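Below: the structure, in structure tokens.
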Amino acid sequence: MALPPDRAIYLASRSPRRRELLSDIGVKFHLLLFRERPGADAEVSEAVLPGETPREYVMRVARAKAEAGWQRLLQRRLPLAPVLAADTTVTLDGRILGKPADRAEAAAMLAALSGRHHEVLTAVALVHDTRLESALSASEVVFRALADAEIADYVASGESDDKAGAYAIQGRAARFVSEIRGSHSGIVGLPLYETAQLLERMTPARDRRHG
């Protein structure tokens, strides 16, 4: 059994930003959210493996999220359709800046990014049956110099919570950015060009139509 045309794919992500971006390009989707159970292991470990580069890391995690989503789809006996997942990380001098553990770490991350350029990597993966395809978007972001008070105010706003690199370019942190080179949607969390290319290769054209 397959999804009806108005639900062309599943999105394995809790991110409202990714939902909005998919809707922006007219892709119909159904949310495939993992139900967290007390004492259960995480669906996908986001720990960095020894010797893993930032690009290897983000690609591995995105692919693992897509595969976990596909397995969950089968376990729930849901109608079959491709499962889309993505992962975003910020890297500075080869070091991964993931989601801050607390606001003190968020402030430290922003201080490290102040007045410097860094890279935002977003990997997107699409799985259907035995087929798994993925793509990587790499963008460069330049921050102007940030005052300690600006960092403190931003962290206090809560926007840095649960954000890779401790900021959201689509929010208040936009005023920190002096330049970007690459994909704005990729920096937000879902590179639309790469996503569209994956969908073109894996889903029938009639299932991608909006409305």
Within a Cβ distance under 12 Å of Thr53, other residues only, what is the Lys/Arg minus Asp/Glu net charge? 0
Please report, to one decimal in angstroms, the Kirkwood hydrodynamic radius of the chain built from all distinct Cα-Cα pairs. 17.9 Å
Assertion target for Glu46, Glu179, ordered by fewest C-beta neighbours within 10 angstrom first, is Glu179, Glu46
May I ask you to sort Val48, Val124 by Cβ crowding, counting other Cβ atoms within 10 Å and putting the fewest first? Val48, Val124
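What ranking of Met109, Met59, Met202 emerges when the number of other C-beta atoms within 10 Å of each C-beta is taken as an exposure proxy, fewest first?
The most exposed by this proxy come first: Met202, Met59, Met109.
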Any idea what angle helix 54-76 forms with the longest principal axis of the chain, computed on alpha-carbon atoms, 0 to 90 degrees, nearest 10? 40 degrees
Additional length obtainable on full extension of the chain from Thr53 to Leu31, 0.36 nm per residue less Cα span: 4.9 nm
Binned Cα-Cα distances of region 40-122, short to long, each 10 Å bin given as a whole percent: 16, 38, 29, 13, 4, 0
Lys163: net charge of surrounding residues, Cβ under 11 Å, Lys/Arg +1, Asp/Glu -1, itself excluded? -1
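Values in this text are rule-based calculations from the coordinates and carry no lab data. Just so it is clear, the structure is predicted and the values come from calculations on it, not from any experiment. Cβ sites come from the backbone with ideal geometry, for glycine too, and all protein chains shown count toward neighbours.
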